[in-house]
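Structure, as structure tokens:
None of the figures in this text is laboratory data; all of them are computed from the coordinates on show. Worth saying up front: this structure is predicted, and the values here are computed from it rather than measured. Don't worry about glycine lacking a Cβ; one is built from the backbone with ideal geometry, like all the others, and counts go over all protein chains shown.
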Amino acid sequence: MSDQQSPLPATIVESAAAPPHRVVVVGGGASGLELVTQLGDTLGKSGRAQITLVERARTHLWKPLLHAVAAGSMDRAQHELNYLAQAHWHNFTYRLGELVGLDRINRQIHLAATIDDEGREITPASSLGYDTLVIAIGSVTNDFGTKGAAEFAVPLETPEQATRFNRRLINACLRANAQTEPVRPGQLHIAIIGAGATGTELAAELHRTIRSVVAHGLDRISPERDIHIVLVEAAERILPALPERISLATSALLAQMGVEVRAGTRVSEVRADGVVLANGEVIPSELVVWSAGVKAPDFLHDLDGLEANRINQLLVRPTLQTTLDANIFAIGDCACCPREGFPTPVPPRAQAAHQQAFHMIRQIRNRLDGKPLENFVYRDFGSLVSLGRYSTVGSLMGFLVGRSMFIEGYFARLMYRSLYKMHQSALHGHVPTLWRTIAGLVSSRAEPIVKLH
Ligand SMILES: Cc1cc2nc3c(=O)[nH]c(=O)nc-3n(C[C@H](O)[C@H](O)[C@H](O)COP(=O)(O)OP(=O)(O)OC[C@H]3O[C@@H](n4cnc5c(N)ncnc54)[C@H](O)[C@@H]3O)c2cc1C
């Protein structure tokens, strides 16, 4: 549907006396933070628009790094970005707060009060007016209501959860090494539920880092005897959303490492001592990670009448405007954006979030200039799966030849890293990103390859 067919106003034309247009972006993740940074550097700097980021966290960490934080191969502090500082450098305003409600008639969003660790209020519950609202609050793990999953399995949605899992892992190793009795079956076993890219990458990364931890003098643990990683997937093969060739190559690499893959296997319950499968079998495992599926946050399902799908994503038109309100846009994982010529919508992936953020910048300029909005077209550049230091496999779209090419090894690893470099460039610029990369390479040589605390 083109923007002109919208029954609602689609463009805003400024008058000389009008206050600057208020753009409010909720969620400063892969898409939202790129958007406010670029808008702040242009429209915010020139005073044409007032750019505000509403975000419930204080620092940003690019989500695809979370499995490395969980495994302990990355120190999150080196990659986190402070929102207040970024706002100061890039001419936007940062408001700490969590979106909890919307008033479309009065063009206001409602934010919950924020509370510190000691229970004291930091910011009160408040409302904030907008002229253009962009919702970019991402997704959460979908445990499909599986019994015990919320209680005993760790999801990987936030840096805090990834750090919590890593701490549990190190503590489990220290405990096993200190105890007088032999290591129990399952005590140092890790079950990862869901063999999408996140679960698969985590399995490979953990295989290496847990051995590194043990090699730091935990001589009562034998990696071969005591440590076991199981990857459980309900679909018939791992990486079900990716081409079969990637799945086969990855399965072979995991098998070489000794990671057990259980495809075509459903989990019916998670317990403190392991995972119960639909056939009644129990996989003993005291450390369980849930990485099977995502959904948008539940409250989006009833956000002042906006249309949402069954996994709570807001329905948007190809212009990225929500179907019922032309002043409200949704981008990234929380949006269900149609894809012309495909039965499924734009996938919830970092490259889609990046492309939508840059499309959104043009849409806001068009709105301010009184020009018609353009449809978003997703370009799939391929899929890559990093198996830590072991390998990287994937496919790249060859747009010239019109089909995907299978790649593996060093070139694939470079391509994998380029997605994060693109995100960093959008936040810091190309030259500072180059300096950061060089500094990171130099400092990594002087640090242990695994985080030990
Ligand atoms: C462990 C892991 C590994 C991944 N690996 C890959 C990969 O290799 N390749 C790939 O393409 N994709 C990967 N993804 C998916 C990718 O990270 C997401 O598609 C991408 O981050 C989506 O960007 P986003 O802007 O929609 O949301 P996010 O990046 O999740 O950002 C959402 C932001 O909104 C904030 N927020 C949430 N709710 C509220 C609220 N109510 N009020 C205010 N703020 C709020 C959050 O704090 C967060 O900062 C991975 C995801 C995970 C979890």
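Which length gain, in nm to one decimal place, applies between ARG58 and GLU224 when the Cα-Cα distance is subtracted from 0.36 nm times their residue separation?
Value of the extension gain: 55.7 nm.
List the GluC sites (Glu not before Pro) in segment 213-244 that DSSP assigns to loop (not H, G, I, E or B) and whose Cβ has at most 14 other Cβ atoms within 10 Å. Which are they?
Those satisfying the criteria are GLU236.
Arranged by the count of other C-beta atoms within 10 angstrom, fewest first, what order do SER247, SER285 take?
Least crowded to most crowded, the residues run SER247, SER285.
Show me, for segment 273-281, the HN-Hα J-couplings you get by feeding each phi into the Karplus relation (A = 6.51, B = -1.76, C = 1.60, θ = phi - 60°), rounded to Hz, glycine and proline as x.
Values per residue, Gly and Pro as x: 9, x, 10, 9, 8, 4, 8, x, 5 Hz.
Going toward the positive end of the dipole of the chain, with +1 on Lys and Arg Cβ and -1 on Asp and Glu Cβ, which of SER268, LEU206, GLN187 do you reach last?
LEU206
Rounded to the nearest 10 degrees, what's the angle between the helix 430-444 long axis and the longest principal axis of the chain, both from Cα atoms, 0 to 90?
20 degrees
Would you kindly derive the ³J(HN,Hα) couplings of segment 71-88 from the backbone phi angles with the Karplus curve 6.51 cos²θ - 1.76 cosθ + 1.60 (θ = phi - 60°), listing them in order in whole Hz, with x for Gly and Pro?
7, x, 8, 9, 8, 4, 4, 6, 10, 7, 10, 7, 5, 4, 5, 4, 5, 5
Let me know the number of lysine pairs in the chain closer than 22 Å at the Cα, not counting same-chain pairs under 8 apart.
For the chain, the number of qualifying lysine pairs is 5.
Radius of gyration and Dmax for the chain's Cα atoms, expressed in Å?
Final numbers for Rg and Dmax: 23.0, 78 Å.
When the helix-only estimate is applied to the chain (DSSP H runs of n ≥ 4, each -39,500 (n - 2.57), divided by the residue count), what is the mean residue ellipticity at 222 nm, nearest 500 deg cm²/dmol?
-9500 deg cm²/dmol, from helical runs alone.
In whole Hz, what ³J(HN,Hα) sequence does segment 144-153 give by Karplus (6.51, -1.76, 1.60; θ = phi - 60°), x for Gly and Pro?
6, x, 4, 4, x, 5, 5, 7, 10, 9
Of GLY97, THR322, GLN356, which is farthest towards the positive pole of the chain's charge dipole, taken about the Cα centre with +1 and -1 on the beta-carbons of Lys, Arg and Asp, Glu respectively?
Comparing the listed Cα positions along the dipole, GLN356 ranks first.
Please sort 294-304, 201-211, 271-281 by packing, taking for each peptide the average over its residues of neighbouring beta carbons within 10 angstrom, highest first.
Output ranking for 294-304, 201-211, 271-281: 201-211, 294-304, 271-281.
Which of the listed residues, LEU84, GLY138, THR114, is farthest toward the dipole's positive end in segment 68-159, when Lys, Arg count +1 and Asp, Glu count -1 at the beta-carbon?
Highest projection toward the positive end goes to GLY138.
Once the principal axes of the Cα atoms of segment 154-206 are found, what is the range along each, listed largest first in whole angstroms?
38, 21, 15
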